[in-house]
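Take a look at the structure set out below.
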Ligand SMILES: [Ca+2]
């Protein structure tokens with residue numbers, strides 16, 4: 001059973017894998033409720049309108065992790081991103097130029113290396129994405145170099161990567177806040193999250209690609225219909241976003257590391273300004289778009305994000321847990337956490353090739369990290 005209890009409260013003797021805490025955000029129309037909001041009440045109009053947007057297709061029941069996760073890959077060192085191509089999985093490790101290929105239960109094999117990868121701070125080999133074009137399969141990678149961050153692509157055939165082709169080079173980079181997630185949207189465009197490289201003022205500077213979500217053609221050109229003419233910038237005012245996904249309506253969503261107070265779950269609109277560094281979390285300032293949900297940074301630290309049949313799954317890195325988010329039919333966003341502290345930090349989450357949910361663990365020491373697989377089931381409570 002779900003427990004709707006105080007934020008930060010750990011239910012004693014909760015069975016393994018059961019939800020520990022559930023946080024319900026109050027909506028404008030709900031008035032005072034007994035639900036506990038970890039979101040600030042400010043600017044819930046934005047949250048409410050976002051929720052209304054999603055409600056028409058929201059399923060009656062949420063998906064929840066079902067049972068004990070099974071280890072399908074071990075011995076990884078800071079795995080950062082994983083994708084599937086058919087039955088193959090491919091995974092990046094932050095400190096390595098090598099991309100590993102795996103199938104659940106087998107020892108991972110090298111699929112090839114990416115040139116010019118330089119790992120320092122939170123940079124290195126970061127996000128992966130795939131694209132099938134005609135009969136060709138491409139693996140895209142976002143990685144750090146000695147001079148900022150770069151997006152490349154490599155053909156993938158018979159388990160091996162071909163030569164890398166640069167898609168976009170010279171992205172802002174630094175020792176921290178490199179962003180690094182990439183994914184193709186339902187519009188066939190490639191999106192990338194770029195952190196503000198610990199230069200907060202760049203997030204509001206439309207001439208800089210730091211602190212932005214970018215949108216580009218699969219070959220790296222700027223699309224004609226981007227919100228700012230001649231710019232890769234799709235949305236701005238971000239701090240260090242590391243998760244992007246889309247729901248079945250085509251709406252984009254993103255997770256973002258906050259500074260000291262609030263981590264964010266944002267509904268992304270073209271040209272939107274998400275506030276950093278003027279606002280962290282829900283500020284209620286009409287000049288900026290507030291997050292739909294926010295969490296104290298010790299509970300979340302969101303990295304990877306995916307969406308499966310009406311439920312968002314968020315890799316809680318700092319909070320060392322898996323989060324789900326659902327938007328109820330009445331527009332109320334609800335977040336639930338699982339496995340707190342059981343699998344170390346969690347860096348990425350994705351639909352696996354075995355039909356289960358996969359997530360990547362990141363211990364602080366970095367060694368013997370794993371990919372876990374867990375089945376999903378409808379929540380027993382509507
Ligand atoms: Ca924000």
For this session: State whether the range 22-378 is rounded, prolate or oblate according to the following rule on the C-alpha gyration tensor (a ≥ b ≥ c being the square roots of its eigenvalues): a/c under 1.5 gives rounded; otherwise a/b larger than b/c gives prolate, and the remaining case gives oblate.
Result: oblate
For this session: Specify whether the C-alpha gyration tensor of the range 74-195 places it in the rounded, prolate or oblate class, a ≥ b ≥ c being the square roots of the eigenvalues: rounded for a/c under 1.5, otherwise prolate if a/b is larger than b/c and oblate if not.
Result: oblate
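Each reported figure results from applying straightforward, stated rules to the coordinates on display, with no laboratory input. Computed from a predicted structure; not experimentally measured.
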